[in-house]
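Engineer: Pasting in a structure now, in structure tokens, and then I'll have a few things to ask.
Bear in mind these aren't lab numbers, they're just calculated from the coordinates by the rules spelled out. All figures in this text were calculated on a predicted structure; none of them were measured in a lab. All Cβ positions, glycine included, derive from the backbone under ideal geometry; neighbour counts span all protein chains shown.
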Amino acid sequence: MKSTQYSKKVLDHFQNPRNVGTLEGKNVAIGKVGNPVCGDLMEFYIKVKDDKIEDIKFKTFGCGSAIATASMITELAKGKTIEQALKITRQDVADELDGLPPIKMHCSNLAADALKDAIKNYKEKQKPEIQPVGHKAGQREIIGEKEFLNRGVYHQADDISQFKDKRVIVVDKGDSSIELAIELTQHTLRVIFATSLKEISANSDLKTKIKQSNVKILYESEILEIKGLKTAEKVIIHDLNEDEEYELFMDAVVILL
Ligand code: FES
């Protein structure tokens, strides 16, 4: 295939995606990942029995390549053991689809990562509920936090309608911040929850609620600095997993006290 063309298989999986939908039940684990660059979202649902993926579904707000790769990955993973499914790479998916244009390879990350996240979630559900130890993002002071207080940085959010249609980042401060992030989605669909942890630290009910909401979760992400002119305009985020820093434009950062 030429680098800019889609294979017949990609078009087929895009036009007739397999295993679209959601799953419910006790032995269902959910994986949800977002791409902060293109803003697309992917959710995977897996039902595991005897260590095998008995059923799998996906839901995405993604491009055609994201749909095709997610559809293919569900076919590859169905019936596999957890460990076998973990070994599926984005290259495997691209190969099964007879290739993807190089510019679209990053889209296949979304599906592969969402499946991995669902498996991680499944494994965590197997462990007894323990409160992760570790500091939460925002426990130490963020550069610019005081400077932009009430000018884009908020320590409380009494009237959340003020955030209507705004890009809001909620820093992980435990249950109340998770509840706030979910509540904010009634006023804006651009809510990001930034946590320095690898998993949401909350009871399983709240954990499920935020994962099923429209909140985009940035795991292992710490806000280092808030920048702007008169008001806060962007944040510098440290991706603890990749050990990289990047900028994210936003209208408001909520750091509950
Ligand atoms: Fe975002 Fe394809 S452009 S997933």
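Engineer: Between helix 105-126 and the chain, what is the angle of the helix's C-alpha long axis to the longest principal axis, kept within 0 to 90° and rounded to the nearest 10?
Structural biologist: Its long axis makes an angle of about 80 degrees.
Engineer: Of all beta bridges DSSP finds with both residues in the chain, what is the antiparallel percent, to the nearest 5?
Structural biologist: Percent antiparallel among DSSP bridges in the chain is about 65.
Engineer: A further question follows. Determine the relative contact order of the chain: mean sequence separation of Cα pairs under 8 Å and six or more apart, normalised by residue count, in whole percent.
Structural biologist: 17
Engineer: To continue, here is another question. If R₀ is 35 angstrom, what is the calculated FRET efficiency for the pair Leu224 and Cys63, using the beta carbon separation as r and rounding to 0.05?
Structural biologist: 0.70
Engineer: Points 7 angstrom from Cα along the Cβ direction at Asp98 and Asp243: gap in nanometres?
Structural biologist: Distance between the two pseudo-spin positions: 4.3 nm.
Engineer: R0 = 35 Å: FRET efficiency of Asp251 with Asn16, Cβ-based, nearest 0.05?
Structural biologist: 0.35
Engineer: With a Förster radius of 30 Å, plug the Cβ-Cβ distance of Lys26 and Gln91 into 1/(1 + (r/R0)^6) and report the FRET value to the nearest 0.05.
Structural biologist: 0.35
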